[in-house]
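All remarks here apply to the structure that follows.
The values are calculated or read from the model by the stated rules, or taken from the named source; none is laboratory data. What you are looking at is a predicted structure, and each value in this text was computed from that prediction instead of being measured. All Cβ positions, even for glycine, are placed from backbone atoms using ideal geometry, and neighbour counts span all protein chains on display. SASA here: full protein model, heavy atoms, side chains in, ligands and nucleic acids out. Shrake-Rupley method; radii C 1.70, N 1.55, O 1.52, S 1.80 Å.
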Amino acid sequence: KMAKKTVTKTTTAKKTKKEEIIAVDLGCGQNKATIEFFEESLKITPDKVIGLDIVKCEGVDKVHDLTKFPYPFKDASVDAIFSSHFIEHLDGTERIQFFNECYRILKPGGKMRHLHPYYKSVRAVQDPTHKWPPISENSYLYWDKKWREMNKLDHYPIKCDFEFNIYYLWQDPTVANKNEETRTFFIDKYWNVVADMVVDLIKR
């Protein structure tokens, strides 16, 4: 009898390609945020940072008018977003579209940081290209779905849902050394105490 040949099948595990961690700087100009910036500020280490702006210059990887939607990214394809001194150049309707678009391209749990003039600082109104309204802490409530529902604002064309934390950059540096209660009083009662707001958002 002929011996039966046994064949042992070997399976090779498919190597899964590591998903790239993408960060985006919207309106970067010539000062595109670095990988180190995202590590320090948002505790995320991107494989690359993509800079977008309306004019091609050093640091701009994609030329795009950020008042035109959609942005050149797939749904849920971006891990982190940074934007410095851009959203104050958008009017109210454009801001709604902007935050909806950031929500679309961010992955669930994706992070975003915005830096812009505080509404009670002269910096908010000195630039003739800034648009109405200036941005306050309460402006960010509108990007929170639960708050919109609670306040019966579901009819607004807002799709995004973010949680957020707010920090301040001082116009009057002496206030930074005061206790928290005094700082809060100064922010509430006086103008030109805070220069800029720094806001960190997380996509729910």
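Screening D196, D188, D154, D200 for residues that are part of a loop (DSSP other than H, G, I, E, B) and either open to solvent by 20 Å² or more (accessible area, probe 1.4 Å) or closer than 21 Å to S121 by Cβ (or both) leaves exactly one candidate, D154.
From K145, K111, grab the single residue that is in contact (Cβ under 8 Å) with a residue 24 or more places away in the chain and within 26 Å of G29 (Cα to Cα).
Numbers: K145 fails: within 26 Å of G29 (Cα to Cα).
Matching residue, one of K145, K111: K111.
F186 passes every criterion in (1) closer than 19 Å to D91 by Cβ; (2) aromatic (F, W, Y); (3) without any contact (Cβ under 8 Å) to a residue 60 or more places away in the chain apart from (1).
Taking into account only those residues within region 35-79 that are on the phi > 0 side of the Ramachandran plot and open to solvent by less than 50 Å² (accessible area, probe 1.4 Å), which is modelled with the highest pLDDT?
If we filter region 35-79 for residues that are on the phi > 0 side of the Ramachandran plot, which is where we start, we get 43, 59, 76.
Of the ones still in play, those that are also open to solvent by less than 50 Å² (accessible area, probe 1.4 Å) are 59, 76.
Details: G59: 92, A76: 98.
Across region 35-79, the extreme among qualifying residues is A76.
Out of the residues in region 157-167 meeting the condition of being in contact with a helix residue (DSSP H, G or I) (Cβ under 7 Å, 6 or more places away or on another chain) and free of Cβ contacts under 8 Å to residues at least 60 places away in the same chain, tell me which one is least open to solvent (accessible area, probe 1.4 Å). Step through it out loud before you land on a result.
The first filter runs over region 157-167 and keeps only residues in contact with a helix residue (DSSP H, G or I) (Cβ under 7 Å, 6 or more places away or on another chain), leaving 157-162, 164, 166.
Okay, now just the ones that are also free of Cβ contacts under 8 Å to residues at least 60 places away in the same chain, so 159, 161, 164, 166.
Details: K159: 153, D161: 21, F164: 56, I166: 46 Å².
Filtering first and then ranking leaves D161.
The number of residues in region 106-138 being open to solvent by less than 60 Å² (accessible area, probe 1.4 Å), out of contact with any helix residue (DSSP H, G or I) (no Cβ under 9 Å at 6 or more places or on another chain) and part of a loop (DSSP other than H, G, I, E, B) comes to 2.
I'd like to verify a number: residues in region 113-138 that are within 10 Å of A195 (Cα to Cα) and within 20 Å of the chain's Cα centre (by Cα), how many? Working first, answer last.
Filtering region 113-138 down to residues within 10 Å of A195 (Cα to Cα) leaves 116-124.
Checking the rest, the ones that are also within 20 Å of the chain's Cα centre (by Cα) come to 116-119, 124.
Result for region 113-138: 5.
Determine whether W191 is modelled with pLDDT of 95 or more, of a type in the set (F, W, Y) and touching a Cys at 6+ places or on another chain (Cβ under 8 Å). When the stated conditions are applied, W191 does not pass them. Being touching a residue at least 12 places away in the same chain (Cβ under 8 Å), open to solvent by 80 Å² or more (accessible area, probe 1.4 Å) and either more than 29 Å from I22 (Cβ to Cβ) or among the hydroxyl-bearing types (S, T, Y) (or both) is a description that does not apply to W170. Looking only at residues in region 31-62 that are hydrophobic (A, V, I, L, M, F, W, C) and assigned to a helix (DSSP H, G or I), the one that is farthest from I202 (Cα to Cα) is I35.
The residue of region 80-96 that is nearest to E40 (Cα to Cα), among those that are open to solvent by less than 40 Å² (accessible area, probe 1.4 Å) and assigned to a loop (DSSP other than H, G, I, E, B), is F86.
In this structure, does L141 turn out to be open to solvent by less than 50 Å² (accessible area, probe 1.4 Å), within 18 Å of W170 (Cβ to Cβ) and either more than 15 Å from the chain's Cα centre (by Cα) or modelled with pLDDT of 95 or more (or both)?
Details: open to solvent by less than 50 Å² (accessible area, probe 1.4 Å): yes; within 18 Å of W170 (Cβ to Cβ): no; either more than 15 Å from the chain's Cα centre (by Cα) or modelled with pLDDT of 95 or more (or both): yes.
So L141 does not fit the description; no.
Any residue at all in region 164-178 that is touching a Phe, Trp or Tyr at 6+ places or on another chain (Cβ under 6 Å), assigned to a strand (DSSP E or B) and closer than 16 Å to F99 by Cα? For region 164-178, residues touching a Phe, Trp or Tyr at 6+ places or on another chain (Cβ under 6 Å), assigned to a strand (DSSP E or B) and closer than 16 Å to F99 by Cα: present.
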